[in-house]
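Below: one structure, written as structure tokens.
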Amino acid sequence: MVPATITGLEGHRGTKYFSSTRQIRSSKCKRAIKHKDHDSWQIDATISDDVASSLDQNREEASKFKGMLGKHLRLLDTTPSGSWVWVCWRTDPVVQFATKILKEELNYLLSYEKNIKDVDNQFNKLKQERQKWGDRVAEEEDRHGREIYPDVSKWLADAGKIIERYEKFQKEEEDAHAGCSAGFPPNLLARHFRSRKSIQLKEDAENHLKRATFNVISHGGGPPSLDLLSNVDYQSLTSRDKAMERITNALKDSSARMIGVHGPSGVGKTTLVMKAVKDLQEGEERPKLFDVVIVANVTKTPNIRKIQGQIADMLWMKLEEENGNQKNEKGEKSRNSTNLEEEKPEQQAPGRDAMKAQQAPEVEVTEQLDASPSSSSSSSASDSSPIITLTTEEHYKGCKVLLISEASQLLNQMDVRPDLVVPVSLLDEKEAMILFNKMAGIGDKSSEFGDLPAQIAKKCNGLSMSIVTTAKGLKNQNRLVWEDTRQKLETQTWGGTPEHSTQLVYGLLENEELKITFLLCACMDNDALVSDLVRLCVGLGFLPGISTVKATRTRVQVMLMKLKESGLLSNSYSSDRFTMQNLVRTTALSIASKERHMLMLNKGKIDEWPDEDELKRYVAISLRHCHVTDAITKSLTCDKLKILEINNDDPHLKLPRQFFKQMKELKVLNLTGVQLSPLGSSIGSLTKLRMLCLEQCTLIPSSVKSSLSKELRVIKKLKNLRILSFSGSNIDCLPLELGDLSNLQTLDISNCLKLNVIPPNVISRLTSLEELYMRNTPIQWQPSVNGVENGQREKASLSELRDLNQLTNLDIQIKSVDHLPKNLFFDKLSSYKIVIGSSNSYLERNFKMPEKHELSMFLAIHQKGGIRIHAQKAIKMLFERVEYLLLGKLTGVQDLFYELNLKGFPRLKYLAIQNNHEIKFLIHPPDMQQPLDKAFEKLETLLLYKVTKIEKICFSPSCLLSKPSFENLKTIKINLCEELKYLFSSSMLELLTSLETIQASDCDSLEKIVHVESTDASKTLMLPKMRTLKLQSLPEFSGFAAITLPPEGIVPKILFHEKVEVSKLERLELSWIQINQIWSDKSSDFGNLIHLDVSGCHNLIYLLPYSLATNLKKLQSLYVSECYNMKNIFIPLPDGSEKVAKGVCFPNLKNIKLSRMSSLGNIWSHDVSVEKLDTLVIEKCNELVNVFRPDMEGIFQGLSSLTVTNCKSMETIFDLTADDKKRYAFETVLRDVHLESLPKLKKILRCQGGHEGTLQLKSLQNITVQHCNELASIFPFSIIRERQLGKLQFLLVSDCSE
């Protein structure tokens, strides 16, 4: 080989690598010199003559050679300018391979600095991504109690492991850098190893980031409003007002974890508590005390699963059963997840009612039943009371449990503090008279009735329930009825009791239908569904002139309203349920048994049936959760029986053959969770049957040769059947004979997981059908091509729905739009829940599908691959009346208003769009000059998730929408909408008079909330009802709205400037947005702010200006984390301005948490008052030297819990070394102290000589001190001498070497 001389002059960064295939021989050595000019590199090559002549023959080869040299010189980024680099080149294959390996290994050294920088940047991205998903998981799991999907949890765990590897690598790099700084030469072998390792770490981080594409992370939605608090019938009385004041004060007490209210049954305890909570939640003059309020009814035989389900429903959560055999109160398989029963402590209330009120974002409920003696002899007492185990750990501090019980000793068993037990006594005669007159509607003008009101009120013995029920029953009645009532009260031995009042009002009900309905309600569970009562009424057919389900529902709603007005029924926790007080139910069941011959048992045990004569008299038998296995061994002779209901918990319960043979009059048969043979059980003999429900039942063929579908043919004999339900049963095929039931009005085949096929021409013959429920049943429909069916039909087709002219309620899931035939119209439906595509892809993310029994119009279109919506006329017809709409991938739709519904979706309340890559606008008017019609006038919630092409919600330089467009919009949540630059224009803002919540996250282009048009530059931007603003991971965000450019031309990034007015704002959460200020010095009023959470805002130097701090009177919680450049919470005042700070006071601030604030050197400024501060948590604030400075003495007396961890510079906690000689002692209520990993902590309490007793710590209960190596003692001896630690229960000191 003859070397060639190559002069490396100038080149270009990023020159593409080319390999040479030709041998170049020359007589000189190759040499290249590297020249650097800023970031620009240029490389050229001059080649000796003999080499040039060779290359001239092939210009392409010359170009490759030149590019190759440029590549190698580019790799020498870290070589100092002017250095000589020798480049040798041979094209022998072995040498080429060796040269390649050598180049790669050499590159690790030459690109060392670049590789280290790249891996740092990549891991910063990974940390931010992990923080983002971790925060969401914490919000979903702790705040809403949802279960996190395993893939999300695994991603977070794996991210943590990768970051641990990086942090270990970073520590090695820091150690190596420290060695170089000390004058030692770099270890080239170690640098080579770390460079190589950095590339691997970077690749791992990149790959892991790519996997963070979670559409859904958890199960569940947000908690709904509590209907119970919306209509509290409370009458102000002196004795009740005093009791309510005590309850209110207990709820406000930050140290109160459990509160008790007791008094006789019917005295009005629950109403009193409801009123107290309602006032605390809705008072305008004070901040809302609780985030969530949950109410649960607990009877003397509590159904734990039902109570958990009730709480889950109120939190919009879902429960998952421990095993497949358990069922909820309707016998249905429970819904899907629970952390309500996993590892965390018990919060289950005894007695009749329990209220859980929650301040912090944690509510955990499990079950623990413990045998205890009966607490009371009353009807609501139990032999075995549920026992609460309520943790006192910090994690649960915001949760309060309020117990309502008849017996005070039960509250003592629950360890309720005596000062938090509120008794409610009987009313005296004067107050009883006042309450009676108000409820009877006679006021002070009672001359018509003379002394009758006073006499009747006196007979009620001071029981509020008796007074209210009796008075409501007598309201608008004539004097003769009042006289008759007084006589009955005087002659009855139990006069004046709630039982007698119930019987009295029952007798005054206006007609027989209302009385029967009341007794049917008593047979149902607490918080029963209105839809179940409607089915019962249809089944019995006792309402004259009513023949349809729709008309029955209307009549039932009217009757329920009348029963509530009479005091016999109460509102439940949602509008589609009702409940009945236990004392009223007891009386109702007594009436049902004695007067109506109805046997109603709940959780009882039946060893044997009553005698035959007694059975023949029964018209109704209802056995709910009873042990009846031994009794059901033969058929029953019940000639008059019209209702038979068995709701079973024993999976082995099997009905004997011919069980129904002697029940010829039966109209309602409701079986849940039993085994039976349709043919062998003689169901076919029940020719008068109008309602047949076999829910969660195991249907067994009568012989081995028989099939289930054949045995179900027996239903063809049930010609009078109106209601038929197989919900949750094991049927696999519907019989052809089902089509013969021409009177059938409701068919429920939901949750039948084995039902795949319905024979053709069965559904189409059910011409009277009004309600069809088919959700979660994998039915295979007859396919069609372009809406036309091909070939002979072997299974049912959706086209059969055309023949159901009476259909008004449809609940169905359609796997593919290909199954939809042409000319299928749903215009007569008054309620529908229609899912097209897969429900799993959306139902778990902020979009809860209405329950089966709810009357609503719900449409979800989320088919994989999208659909061409313009070809689906039947679906487009639904848009005009839809209330809940979820849209996924739609082909050819960019504008919702103009392309889907020109009437503006007039009934739409809830709109969610996700995973859509075509929609650009909700409204994009083609003519910008013409005013638009109203649009989205009833819309309350708007969710946009991964709508990647959306540019604007309303495209218009000056919004021309007319009122009431968007006037009802309360919530808007935007996530991963990367093209969206702002949410609203300033002209559109005028329509948003109801907007309460704005959430925006992970929108890379979002710059502001409001785009201010030139015509509105001087206007104040107002959102008069906005209460919550959450902004997260918005890299381009600059503020709520653009501000006027200052003379120097630098635009500050301020969230709220002086022309933004959101005076009702209660909750502000900012995460990873790089603004310079949250508020300007001239920001408007924020006096309603309750919660402030700021994290990852690195450009913030301070949090609050003093001008704003003076009016944050309602602020309760302050959380600040990872704001690495923040040095002060308050903006420092100039010299001589201390008077400004004197007015700074946070009278309601209870919780402060400061985390990872690496520059924070000062928490408090001047004499800031936080007298109600309850909990203070400080972690990883490495510049803090102390927590409380000398000038803070006396302002933290309310502090009960203090946690300080991982603060490298912390020297003392309480620094009371002021020069002021006038020292005085002040007491604190500090109970819990946790100090950990404070390497420079020398003293917890630092005082000047002789003044150690100025800080009184007599309430201390728990002290934990760990890893504080320089700490010599916990407290001065004077505290022991003065016996301040008399309440100390727990002391842990570990790893404190001094």
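The values are calculated or read from the model by the stated rules, or taken from the named source; none is laboratory data. From a predicted model like this one, the values you see are computed outputs, not experimental measurements. Virtual Cβ from ideal backbone geometry, glycine too; neighbours counted across all protein chains shown. The accessibility values were calculated without ligands, DNA or RNA, using every heavy atom of the protein model including side chains. Shrake-Rupley method; radii C 1.70, N 1.55, O 1.52, S 1.80 Å.
Taking all protein chains into account, the per residue accessible area for segment 534-663 stands at 45 Å² (1.4 Å probe). Ordering Asp204, Asp740 by accessible surface, largest first, gives Asp740, Asp204; the 1.4 Å probe counts only protein heavy atoms, with every chain in place.
Taking the protein heavy atoms of segment 619-736 in the context of the full set of protein chains, the accessible area attributed to carbon and sulfur is 50 percent at 1.4 Å. The amide H of Val1060, built 1.01 Å from its N in the peptide plane, has Leu1021, Ser1084 as neighbours under 5 Å, considering only residues 5 or more places off or on other chains.
With R₀ fixed at 25 Å, the C-beta to C-beta distance from Glu851 to Lys815 puts the FRET efficiency at about 0.70.
The distance between label points at Glu490 and Glu978 comes to 8.6 nm (points 7 Å beyond Cα on the Cα→Cβ vector). Summarising the label geometry, the points placed 7 Å from Cα in the beta-carbon direction at Lys754 and Asp158 lie 3.9 nm from one another.
Looking at segment 431-575, what % of the alpha carbon pairs are farther apart than 27 Å? Pairs farther apart than 27 Å: 29 percent. Using 0.36 nm per residue and subtracting the Cα-Cα separation, the extra length available between Thr1015 and Asp120 on full extension is 317.5 nm. When all protein chains stay in place and ligands, DNA and RNA are ignored, the 1.4 Å accessible-area order of Ile919, Ile1274, largest first, is Ile1274, Ile919.
Using only alpha-carbon positions in segment 657-729, the gyration tensor eigenvalues give semi-axes of 18, 14, 11 Å once each is multiplied by 5 and square-rooted (largest first). Past 21 Å, Cα to Cα: identify those pairs from Lys458/Lys488; Lys269/Lys438; Lys488/Lys616, in the order given. Violating the 21 Å limit, Cα to Cα: Lys488/Lys616. Pairs exceeding a 28 Å alpha-carbon distance, out of Lys161/Lys1180; Lys828/Lys946; Lys664/Lys754; Lys161/Lys1030: Lys828/Lys946; Lys664/Lys754; Lys161/Lys1030. Between Arg165 and Ser1005, the FRET efficiency estimated from the beta carbon spacing at R0 = 56 angstrom works out to 0.95. Remark: for residue pairs Lys132/Lys952; Lys873/Lys963; Lys125/Lys168; Lys822/Lys852; Lys132/Lys1082, the C-alpha separation exceeds 22 Å in Lys132/Lys952; Lys873/Lys963; Lys822/Lys852; Lys132/Lys1082. The accessible-area ordering, largest first, of the residues Thr491, Thr517 stands as Thr491, Thr517, per a 1.4 angstrom probe.
In order along segment 699-715, the Karplus-derived 3J(HN,Hα) couplings, from 6.51 cos²θ - 1.76 cosθ + 1.60 at θ = phi - 60°, round to 8, 10, x, 6, 9, 5, 7, 8, 10, 5, 5, 5, 5, 6, 4, 4, 5 Hz, and Gly and Pro are given as x. Rolling a 1.4 Å probe over the protein heavy atoms of segment 1049-1100, with every protein chain left in place, gives an accessible area that is 47 percent carbon and sulfur. Residues whose amide H comes within less than 5 Å of that of Cys399, counting only those at least five positions distant or on another chain, are Gln359, Ala360 (H built at 1.01 Å from N in the peptide plane). Each listed q (0.21, 0.22 Å⁻¹) maps to a log10 I(q)/I(0) for segment 1008-1117, found by the Debye formula over equal Cα scatterers with no solvent: -1.29, -1.42. Close amide-amide hydrogen proximity is noted between Ser1005 and Leu980, each under 5 Å apart and 5 or more residues distant or on a separate chain (H modeled in the peptide plane; Pro and chain starts excluded). Segment 880-901 and segment 754-781 have Cα centres separated by 28 Å.
With θ taken as phi - 60° and the Karplus curve 6.51 cos²θ - 1.76 cosθ + 1.60 applied, the whole-hertz 3J(HN,Hα) list for segment 268-276 is x, 5, 5, 4, 4, 5, 4, 5, 4 Hz, x standing for glycine and proline. Taking 0.36 nm per residue of separation and subtracting the current Cα-Cα distance, fully stretching the chain between Lys828 and Lys605 would add 75.5 nm.
For segment 968-1047, the dipole from Cβ point charges (+1 on Lys and Arg, -1 on Asp and Glu) about the Cα centre works out to 420 debye, to the nearest 20. By accessible area, using a 1.4 Å probe on protein heavy atoms only, segment 500-552 has 52% of its surface on carbon and sulfur.
Couplings 3J(HN,Hα) of segment 889-895, computed from phi: 7, 10, 8, x, 10, 10, 9 Hz, in residue order, whole Hz [Karplus 6.51 cos²θ - 1.76 cosθ + 1.60, θ = phi - 60°; x for Gly and Pro]. The orientation-averaged shadow of the Cα convex hull for segment 493-615, equal to a quarter of the hull surface, comes to 9.2 nm². Reducing segment 653-708 and segment 1075-1115 to their Cα centroids gives an inter-centroid distance of 68 Å.
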